[in-house]
Amino acid sequence: MDFSSEQLDLENPVTEFRQTPQRSVVLEFFSRDLVFDDGAEFEVWSFESEDSGRSLPGPTLRPTEGEIFHATFTPAKGAHTIHWHGMEPDPRNDGVGHTSFEIGGTYTYQWQAEPGRPGDPNYGAAGTYFYHCHVNTVLHAQMGMFGALVVDPVVHPSYPVTPGARRPFVDGPEYDIATECILIPYSVDPRWHEMNHAAGLSGEDAGLNRFEPEHFYLLGGNLANRGNTDDRVWSLSSIPANVVPGARKPTLLRIVNANYLPNRMYFTDQAGNPARIAELIAHDGRPFRDTSVPGVPSPTCAAAGYPLLTSVLAFGAAERYDVMLLPPTPGRYQLRVEWEDWITGEILATRTIPIIAS
Ligand SMILES: [Cu+2]
C-alpha cells in the first residue's frame, strides 16, 4: 500500500469553529544552509516567524493555558504540517496527515491549552513540548522542521508568583525567569540532508531506515533572551544555575530530545563524579505528583516530602524532562550528554558543557 504519498493535500483548508485568538503566530517554511557550532554546514528546513529570522530550531512558541492559540502556517514549498507533539488537539488541528490533511497553501491551526488545577493530575497542559512537521516525518524532522513549545500555567490565587519568577505548572515550584534554559539534543546524518522532500514516499528505498549521524549538537539556550539567531544555529554552550537559598529562585532546565537516538545525561562535579543536583519535576508535559492516596489532592513529589533528585536522565526520541537545578554551592559543575546506538547501546558521541552555579 502506497500509504504516505496518498495523503490528502489541501490548498487552503478552513479552520472550523474559528475563534478570536489570545495568542497567535504566523509561520513560514524556509530552506537554507546553516553553519553549526562544529563548523559543519548542512541544508536545514525549518520554520520562521515574522521576527524570528531563519534559525534552527524554529521559533520558540509560548502560549499560556486557557488562551485560544492560532498558528497560521504557509509551507510555500511542497506540503507540510505542524504537529503539536503532546498537546492532542482535535485531528484537524493536530497536523498529522493520516488523520486530517497536509497543507499546500495556508492553514490556521487552532487549539487551547487546558488550565491546570492545584493538586489535580487530570488537568493542566503547562509544560515542555515541541512542534514538528508530520509530512514524510522521519526526514522532515531530521531536516530541522521542529521548534520548542512551552505552555505556561495560569496563575492560581493559592499559588501566586513573586516578581522575576514563574511556575512550570499551576502549583509547581517557582523558578527564576532570567536563567531558564532549554536544551535540545540533535544529531545529523549528512546523507539525509541531501534528500528531497518526498524521498522514500513512492516505494523506493531511500535508506531512511538507516540513521547514521556523524555530528552531534546541543541546541537551545536561555529562553528569556534568545537574541537574534538569524542565519545561525541556536546552540547551548553553558548552563547557569542559581544557588538557593539566595536572592533568586532556582534555575529551570527544560530538555527536549529532538534526535532519533537514545540520550543519556549525567550531572557531575568538575572531576566527573555524579552530582545529584537535578530535581525532576515533570516529564512529557506532566508534573510528577504523589497520587498514592485516591480521592485527595495529589501534591508534587517535593511537596509530599520526596524530591526526585538525580544525577542521570535517560531519554528516548521526543522525550522531555523538566528539571530544577539545585547546586549546593557556587562553582562549576558539568552536564555530559551521551548519544547511544539504538540497538547496541554503544556510545556514539559525547558532549560536555559547564553548569555555572552562582
Ligand atoms: Cu515538512
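Counted as qualifying within the stretch 110-221 are the strands (runs of 3 or more DSSP E) with 1 or more residues that are in contact with a Phe, Trp or Tyr (Cβ under 6 Å, 6 or more places away or on another chain) and within 16 Å of the ligand (Cβ to nearest atom), namely 127-132, 146-151.
In the condition set (1) within 18 Å of the chain's Cα centre (by Cα); (2) touching a residue at least 24 places away in the same chain (Cβ under 8 Å); (3) within 16 Å of the ligand (Cβ to nearest atom), M87 is compliant with all but (3).
A search for C-beta distances below 9 Å between a residue of the stretch 293-307 that is aromatic (F, W, Y) and any residue that is surrounded by 10 or more Cβ atoms within 10 Å (Cβ to Cβ) and in a loop (DSSP other than H, G, I, E, B), counting only pairs 6+ apart in sequence or on different chains, returns Y306/D290. The number of residues in the stretch 71-84 being outside any loop (DSSP other than H, G, I, E, B) and crowded, with 21+ Cβ neighbours inside 10 Å comes to 5.
Restricting attention to the stretch 83-107, the residues being out of contact with any Asp or Glu (no Cβ under 9 Å at 6 or more places or on another chain) and among the β-branched types (V, I, T) number 2. Restricted to the stretch 31-45, and to residues there that are part of a strand (DSSP E or B) and among the aliphatic types (A, V, I, L, M), the residue that is nearest to the ligand (Cβ to nearest atom) is V44. Looking at the stretch 97-106, is at least one residue among the aromatic types (F, W, Y), modelled with pLDDT under 95 and over 27 Å from W234 (Cβ atoms)? Yes; the residues of the stretch 97-106 include at least one that is among the aromatic types (F, W, Y), modelled with pLDDT under 95 and over 27 Å from W234 (Cβ atoms). Tell me, which residue of the stretch 85-107 that is of a type in the set (D, E, K, R) and touching a His at 6+ places or on another chain (Cβ under 9 Å) is surrounded by the fewest Cβ atoms within 10 Å (Cβ to Cβ)? Among residues in the stretch 85-107 that are of a type in the set (D, E, K, R) and touching a His at 6+ places or on another chain (Cβ under 9 Å), the one surrounded by the fewest Cβ atoms within 10 Å (Cβ to Cβ) is D94. Selection of the stretch 294-325 for residues being within 29 Å of S187 (Cβ to Cβ), in contact with a strand residue (DSSP E or B) (Cβ under 7 Å, 6 or more places away or on another chain) and in a loop (DSSP other than H, G, I, E, B) yields S311, A318. The residue that is modelled with the highest pLDDT, among those in the stretch 1-10 that are in a loop (DSSP other than H, G, I, E, B) and surrounded by 11 or more Cβ atoms within 10 Å (Cβ to Cβ), is L8. In the stretch 60-70, is there at least one residue being touching a Lys or Arg at 6+ places or on another chain (Cβ under 9 Å), within 16 Å of the ligand (Cβ to nearest atom), modelled with pLDDT of 95 or more and among the charged types (D, E, K, R)? No, the stretch 60-70 contains no residue that is touching a Lys or Arg at 6+ places or on another chain (Cβ under 9 Å), within 16 Å of the ligand (Cβ to nearest atom), modelled with pLDDT of 95 or more and among the charged types (D, E, K, R).
The values are calculated or read from the model by the stated rules, or taken from the named source; none is laboratory data. If you're wondering where the values come from, they're calculated on a predicted model, not measured in any experiment. Glycine gets a Cβ as well: all are built from the backbone with ideal geometry, and neighbour counts include every protein chain shown.
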